[in-house]
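To keep things clear, I will list the structure first and then write my remarks on it.
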Amino acid sequence: MVSRVIPVDDFDLVIFGATGDLAHRKILPGLFRRFEAGQIPPTSRIIGAARTEQSDDDFRAETARAICEYTSVRKEHPQLAEFLGLLGYVSIDAKGDGGWQELKDRMRPGAVHAFYFSVAPSLFGDIAERLASHGIADNDSRIVVEKPFGRDRASARALNATLAQHFDEHQIYRIDHYLGKETVQNLMAVRFANVLFEPLWNAQFIDHVQITVAETVGVAGRGSYYDKSGAIRDMVQNHMMQLLCLIAMEPPYHFDPDAVRDEKLKVIRALEPVAPADIVRGQYQADGTDSGYLEDAENPESRTESYVAMKVRISNWRWQGTPFYLRTGKKLRARTSEIAITFKEPPHSIFDDSGVPKANELVIRLQPNEGMNMKVMIKEPGPGGMRLVQVPLDMSFADALGPDGADMPDAYERLIMDVIRGNQTLFMRGDEVEAAWAWTDPIIEAWEDGKRRPEPYDAGSSGPDEALRLMHRDNRRWREIRA
Ligand code: NAP
C-alpha cells in the first residue's frame, strides 16, 4: 500500500532551542524525513535560534551531524545538501533583546509562520512576549510548546494565561508526542470506522481495560530532571491520560479539533478521584549488575516513583462498573505499550464439559510491532468431539500494510506537519491540560504529604508485588509484560 504524501504550504519554521537534544534527536531529523518524502516545499525556511553564537553554515553542519547520528541517513544522501539549504540560524537569548530584529527580517511575508519552543518551559513566556513585542508573530502565526506543560494545575493555568496574553488558543499547539503516534490515532479509526466494536464498547460488555506503557531504560542521564517529576507527572498526567481518553470517549460528531478535544475533556472530568488503596508506586532497585533508581537519580533519599499502577474509574453511563488499570514504569522486563480490552465472559455456556468459553480480549499494540490481536474461542480441531480453545487473531500493521505500513512517520514528523497545516486535532487544548492536572494534583499531593517510600522492585521485573495484589484483589491479572 503506497501512502499518499500531500505537500504542506510554504512555511518559515523557527526552532527555539535548535542546538538542544530534542531538536537534534527528533525535530531536525523529522523535518528532513518529511523533506525527503516531498512534503516540505523547497522554498520553505527552517531557522534555528538559541544563545550559541554560530553562522548559518555552522548550524547546517551541526544539523547534518545530528541527522546522521540519529537516523540511518548518511552524509552523501542526495537530498541532504538540498535540505540543509533551507536552514538558517539566528543567535537569540530568550531573555534578551538582541537578535529579534534579525529574526524578523528573515521571516517572509506570505509564508506560514510557526515558532517551536523547544526550550525549558521557564522560557516560554519570554519568547511569547518578545515575538509579540517585536512584531514577529501575527494573528496567523502558530506556536508549538513542549512538555512538561506545568507541574500542577496552578502552574499550567499560569502558563496558559501567559501564552494567552499574546496568542489565541487556535494558535497554540501543545505537544503530547503520543498523540502523533500512528497507532494511537488508529485507536480512533478502530473505534469509529468499524461497526464491529462500538456496540460492545461499554460497561455492559467490557470487564476491564489495561493500559501499559513499560520501558526498559532507567533514568540515568536525566535523573535530576526525572526526580522532580516521577512517573505520574512524566507519563500518567499526559501520555496515559490521552490513551485513556481515546479509549473511553464518546464518538465526536466529526473528526475535528474541538469536537475531538471536547469529548476527551468530558472523560477527564468524569474521572473519579483515585483512592490511596487503588494506587501503587514503585522504585527500581539495584540488582548487582545494574544501578538502582537512587543511584541513577543521584538522590539517596528520593521518594520519587519510577513506576506507578492505578485503578481508575470513569463516572458516566458508558463506563459505570468497568475499571481501567493503568501502569507505567522504568527498567521493566520489556519495552512495550499496549491497551488490552477484556470483554465479559459469555453469560451462559451451551458446551457442558467441553470447556468454558473464556472472555474475548482485544489488544492494541502501540509498540513494538504495532498491530491488533483479538482472542476468540474456536473448536479445537480434530475428531475428539466438541472441545473449545482460545486462539489469537493476530494482525501486525506492518504485515497487513506492506513495506509502507512499516515505514510509519515518527510522531514529531506528523505533528510538525499538522502545525503547518493548521490542524490542532492531535494537540492538547488548554482546558484539557488543566483538567488533567486537576485530577492528578490530589494524587501527587497526598503522596508528597505522606512519609511512605515507593515499593522497591527489581530492575528487569514486571514491577512491585503490590501492583500484582492491586489486580488480584479484584480477581484479575495483569497481562505479562513482554515485547
Ligand atoms: P536541552 O538539550 O537542554 O536544550 C535546550 C535548548 O534551549 C538549547 O538549544 C539551548 O541552547 C536553548 N536555550 C537555553 N537557554 C536559552 C535562552 N535563554 N535563550 C534561547 N535559547 C536558550 O533541552 P531539550 O532536551 O532539547 O528539551 C527542550 C524542551 O523539550 C524542554 O522543554 C523539554 O522538557 C522538552 N522535551 C524534551 C524531550 C527530549 O527528549 N529531549 C522530550 C520531551 C520534551 P543555547 O544553550 O545555545 O542557548
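What follows draws every value from the coordinates through simple rules; no lab data is involved. Since this is a predicted model, take the numbers as computed values, not measurements. Cβ: placed from backbone, ideal geometry, glycine included. Neighbour counts: every protein chain shown.
Before moving on, here are some points about what is shown:
- Under 29 Å from K311, Cα to Cα: lysines that are on another chain or at least 8 residues apart: K147, K181, K228, K264, K266, K330, K331, K344, K358, K375, K451
- Fewest neighbouring Cβ atoms within 10 Å first, the residues K379, K26 line up as K379, K26.
- Fewest-first ranking of I46, I6, using other Cβ atoms within 10 Å as the exposure measure: I6, I46
- Amide H to amide H distances under 5 Å link E305 with A231, where only residues 5 or more positions off or on other chains count and H is placed in the peptide plane.
- Residue by residue, region 312-329 carries 3J(HN,Hα) couplings of 10, 10, 10, 8, 8, 4, 5, 10, 4, x, 10, x, 10, 9, 10, 8, 8, x Hz when phi is fed to the Karplus relation 6.51 cos²θ - 1.76 cosθ + 1.60 (θ = phi - 60°); x denotes Gly or Pro.
- Among the GluC sites (Glu not before Pro) found in region 31-64, those both in a DSSP coil and sparsely packed, with 11 or fewer other Cβ atoms within 10 Å of their Cβ, are E53.
- Projecting the Cα atoms of V90, T63, A50 onto the charge dipole of region 11-146, computed from C-beta unit charges around the Cα centre, puts T63 farthest toward the positive end.
- Chymotrypsin sites (Phe, Trp or Tyr not before Pro) within region 203-292: DSSP coil, no more than 15 neighbouring Cβ in 10 Å: F205, Y253, F255
- Between the alpha-carbon centres of region 203-259 and region 416-471 there is a gap of 7 Å.
- Local electrostatic count, E272, Cβ distance below 15 Å [Lys/Arg +1, Asp/Glu -1]: +3
- Sparse-neighbourhood loop sites, trypsin sites (Lys or Arg not before Pro) in region 397-464 - DSSP loop, at most 12 other Cβ within 10 angstrom: K451, R452
- Here the Karplus curve 6.51 cos²θ - 1.76 cosθ + 1.60, taken at θ = phi - 60°, turns the phi angles of region 299-305 into couplings of 8, x, 9, 4, 10, 6, 8 Hz, with x standing for Gly and Pro.
- Helical content alone sets the calculated 222 nm signal of the chain at -8500 deg cm²/dmol, taking -39,500 (n - 2.57) per DSSP H segment of four or more residues and averaging over every residue.
- Placing +1 on the Cβ of every Lys and Arg and -1 on the Cβ of every Asp and Glu, with nothing else charged, gives the chain a dipole about its Cα centre of roughly 960 debye.
- When all alpha carbon pairs of region 11-146 are counted in 5 Å bins from zero, the resulting P(r) reads 2, 10, 22, 24, 20, 13, 6, 2, 0 %.
- Amide H contacts under 5 Å for Y89: G48, D56, restricted to partners 5 or more places along the chain or on a different chain, H placed in the peptide plane at 1.01 Å from N.
- Residue-span extension gain [F205 to D258] - 0.36 nm each, minus C-alpha spacing: 16.2 nm
- What you get for region 11-146, charging only the Cβ of Lys and Arg (+1) and of Asp and Glu (-1), is a dipole of about 380 debye around the Cα centre.
- For region 120-181 and region 300-315, distance of Cα centres in Å: 28
- In the chain, Rg over Rh equals 0.99, where Rg is the alpha-carbon radius of gyration and Rh the Kirkwood radius from pairwise Cα distances.
- Residue order, fewest to most surrounding Cβ atoms within 10 angstrom, among H254, H177: H254, H177
- N360 long-range amide H proximity, modeled H, under 5 Å: F343
- Structural descriptor for region 11-146: relative contact order 31 percent, calculated from alpha carbon pairs under 8 angstrom and at least 6 residues apart.
- Backbone phi angles across region 149-154, fed through the Karplus curve with coefficients 6.51, -1.76 and 1.60 (θ = phi - 60°), yield HN-Hα couplings of 9, x, 10, 6, 5, 5 Hz in residue order; Gly and Pro are listed as x.
- Each of A411, W447, Y116 was scored by the projection of its Cα onto the charge dipole of the chain, and the greatest displacement toward the positive side belongs to W447; charges sit on the C-beta of Lys, Arg, Asp and Glu.
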